[in-house]
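The values are calculated or read from the model by the stated rules, or taken from the named source; none is laboratory data. For clarity, every value in this text was computed on a predicted model and none was experimentally measured. In this analysis, Cβ positions are derived from the backbone assuming ideal geometry, glycine residues included, and neighbour counts consider all displayed protein chains.
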Amino acid sequence: MQLADQLAVGYAYASSLLAFMVDGQPRPFSATFAVTNRCNLRCEYCNCPYIDPTNLDLAQIGVLFERLRDMGIRRLGLAGGEPLLRSDLPDIIALAKRQRFFVTVNSNLTLFDRHPERLADADLVYTSLDGDSAAHVAARGDRAHDGVLDAIVRLVGSGKPVIAICVVTEHSIGQVDFLLRQAERLGIRMHFQPRCVDTDVVRGSVATSLSNEQLRAFWRRLLEEKRKGRPLVSSTPYLEFLSEWEDFSISAYHDPGTRCPAGHGYLYVDPQGKAYACAYTKGKMTPVDLLAQDWRTAWDGHNPCTRCTVGPMLEFNMLFKRPFAAALEGFRTYG
């Protein structure tokens, strides 16, 4: 991340944190926009390919990005489904860069060999690695591993930072050593996140073969590897939180004594332009149509859950619940 990007995102985050601390009007600094629900894979833990396949056109996306910029967004994640299925992805990224967003794209990279130009202007690329070829395919389906490593090598070789995400399932829980060694060899970093259940964008459940103590031990192990300096982008507060989670068959619940920063510090926008406090609340709250309404005044400020293990959202939550430790690590990691 360039210094100008660091300063812009840092200022937006500080403003968002202050607004959250004083219970002021929501001022999110980050948004994730799913450019499509369509996907060429059928990962066992993802429901996106089975949701409404319609999406906004470029003109509508331009309006959406202006609205996001006006509310204080400076970091924008483009996700799916699979973003590379949109031939106009470079135009979407260009619209985002016009608003001076720091732009990340989350792609499975199986289509990268056909369309490398579609990621050319992204600031950072997220992809998925659930272990060796057999473990990856077991979780994500046939041909899910094809071309992914070659794509990572090409992206890293061009100077593009890459972070690989591993969803922790019965297939990947024994793959830590392999994945960290592979990350060291490829020059990338790894993020691990629990399998989540019980919301519109995910499907399936945590395997009964995985006990809560086994999963807590897994997160303690990752914390040890993090402290050894291994290429883990997952933050220390995040790993500490997961190492103490009570029941991994429950991804989120409402604790009346806890406030959640979702919607205040960050939000999720689906392919039709409907905004939610986070992706996990899709199907659990009334969305805000960002093409017609202002999130800051249309959202009622309430979340259906306040504590969760939902990987990306939990990292954002740590920025608001343990701001000094999490933010310091974050800026070191992405700087």
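Residue by residue through the stretch 113-143, note down the ones that are over 23 Å from Phe192 (Cα atoms) and part of a loop (DSSP other than H, G, I, E, B).
Once the filter is applied, which keeps residues that are over 23 Å from Phe192 (Cα atoms) and part of a loop (DSSP other than H, G, I, E, B), the stretch 113-143 yields Asp113, Arg114, His115, Ala120, Asp121.
Considering the stretch 291-320 alone, what residues qualify as being in a loop (DSSP other than H, G, I, E, B), under 20 Å from the mean Cα position of the chain (by Cα) and touching a residue at least 60 places away in the same chain (Cβ under 8 Å)?
Let us first name the residues in the stretch 291-320 that are in a loop (DSSP other than H, G, I, E, B), namely 291-294, 299-306, 309-310.
Cutting the leftovers down to under 20 Å from the mean Cα position of the chain (by Cα) gives us 303-306, 309-310.
Selection gives Thr309, Val310.
Could you list, ordered by first residue, the pairs with Cβ atoms under 9 Å in which the first is in the stretch 166-184 and touching a residue at least 40 places away in the same chain (Cβ under 8 Å) and the second is crowded, with 20+ Cβ neighbours inside 10 Å and acidic (Asp, Glu), at least 6 apart or interchain?
These pairs meet every condition: Val167/Asp130; Val168/Asp130; Thr169/Asp130; His171/Asp130; Ser172/Asp130; Gln175/Asp130; Leu179/Asp130.
Quick test of your reading of the structure: Arg332 fulfils all but one of (1) modelled with pLDDT of 95 or more; (2) out of contact with any helix residue (DSSP H, G or I) (no Cβ under 8 Å at 6 or more places or on another chain). Name the failing condition by number.
Tallying (1) modelled with pLDDT of 95 or more; (2) out of contact with any helix residue (DSSP H, G or I) (no Cβ under 8 Å at 6 or more places or on another chain), Arg332 fails exactly one: (1).
So Thr286 passes all but one of these: (1) at pLDDT 95 or above; (2) of a type in the set (Val, Ile, Thr); (3) surrounded by fewer than 17 Cβ atoms within 10 Å (Cβ to Cβ); (4) farther than 22 Å from Ile61 by Cα. Which condition number does it fail?
Evaluating Thr286 over (1) at pLDDT 95 or above; (2) of a type in the set (Val, Ile, Thr); (3) surrounded by fewer than 17 Cβ atoms within 10 Å (Cβ to Cβ); (4) farther than 22 Å from Ile61 by Cα leaves (4) as the failure.
Among the residues of the stretch 250-281, write down those that are over 10 Å from Pro304 (Cβ atoms), more than 17 Å from the chain's Cα centre (by Cα) and either assigned to a strand (DSSP E or B) or of a type in the set (A, V, I, L, M, F, W, C) (or both).
Ile250, Lys274
Tell me the strands (runs of 3 or more DSSP E) entirely within the stretch 1-112 that contain at least 1 residues that are within 22 Å of Ser158 (Cβ to Cβ) and touching a residue at least 12 places away in the same chain (Cβ under 8 Å).
Details: elements: 30-34, 75-79, 102-106.
Those strands (runs of 3 or more DSSP E) span 75-79, 102-106.
Output the residues belonging to the stretch 149-179 that are part of a helix (DSSP H, G or I) and either modelled with pLDDT under 95 or surrounded by fewer than 20 Cβ atoms within 10 Å (Cβ to Cβ) (or both). Don't jump to the end; show me each part of the working.
First pass over the stretch 149-179, keeping only residues part of a helix (DSSP H, G or I): 149-157, 176-179.
Matches in the stretch 149-179: Leu149, Asp150, Val153, Arg154, Val156, Gly157, Asp177, Phe178.
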